[in-house]
Amino acid sequence: MELNLFGKIGLILKECFSSFLYIEIIVIFLLLFLFLLFNFKYQRKSVIGLISVLLVYFLFSFVILFHEDFFLALRDIIKKIVQYFYFSPIPIYYLTILICAVMLIKTMLTKKHSKRYQIVSYLFLFPIFYLFTLFVTEASTSQMNINEITDIYQNPFTLSCIQLSQLIFFLYIGSFSLYYLYRKNRDRFVK
C-alpha cells in the first residue's frame with residue numbers, strides 16, 4: 001500500500017487516537033515537551049537531567065526488549081557502512097571529493113587554525129586529491145565510463161584509488177571529530 005505524505009500522517013493520527021495506550025503515550029510526550037518549554041524560563045538542570053534519564057531508560061528498555069532485532073539492525077548498519085566504504089557508489093565518492101575540496105579551501109582561508117592543524121589537515125586532504133587525480137587519469141586513459149560502476153570496479157587500480165581515498169577520508173573525519181570534541185570539552189579533560 002503506497003500512501004502519500006498526507007495519507008501517512010492521517011494513518012498515524014487515526015491509529016494514535018484509536019487506542020488508549022497510544023493516547024497515554026501522546027500525553028506523556030506532550031508533558032515532557034511542555035516541561036522542556038517551561039524550562040527555558042527557569043533554566044533548571046533537574047528537568048534536563050530527568051528527561052535525559054527517561055530517554056536513556058527508554059532506549060535501554062528498547063534494547064532489552066528487542067535485543068535480537070537491535071543487534072541484527074546494528075549488524076546491518078555496520079555492513080552498509082563497510083559496503084559504502086569498500087564499494088562506494090560513484091556519486092558518494094564524488095560527494096567525498098567535494099567535501100574534501102570545501103574543507104581544504106576552508107582550512108587555507110581560515111586564519112584561526114593553528115599551523116599544526118593546517119599541516120595535519122593538508123596531510124589528510126592532499127593524498128585524497130592525489131588519488132582522485134590518479135582515478136580520473138586512469139579512467140580517461142582506459143576510456144572507462146565513470147558512471148558505470150562495473151567498469152570502475154573491474155579495474156583493480158581505480159578500485160584501489162577509491163577505497164584508499166575513502167579510508168583516508170574516514171580517518172580524516174574521525175580524527176578531526178575527536179579533535180573538535182576534545183577542544184570543546186578541554187576544560188573537563190585538563191584539570
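The values are calculated or read from the model by the stated rules, or taken from the named source; none is laboratory data. Because the structure is predicted, anything quoted here is derived from the model rather than measured. Backbone-built Cβ (ideal geometry, glycine too); neighbour counts: all protein chains shown.
Of note:
- Those helices (runs of 4 or more DSSP H) of segment 1-118 in which at least 1 residues are without any contact (Cβ under 8 Å) to a residue 24 or more places away in the chain and over 25 Å from the mean Cα position of the chain (by Cα), considering only elements entirely within it, cover 5-16, 20-42, 45-65, 90-109.
- Residue in segment 66-89 that is modelled with pLDDT under 85, surrounded by fewer than 10 Cβ atoms within 10 Å (Cβ to Cβ) and either among the acidic types (Asp, Glu) or under 30 Å from residue 147 (Cα atoms) (or both) present: no
- Which listed residue is exposed (fewer than 11 other Cβ atoms within 10 Å of the Cβ), farther than 28 Å from residue 161 by Cβ and in the same structural domain as residue 180 (by TED's automatic domain parsing), from 111, 14, 41: 111
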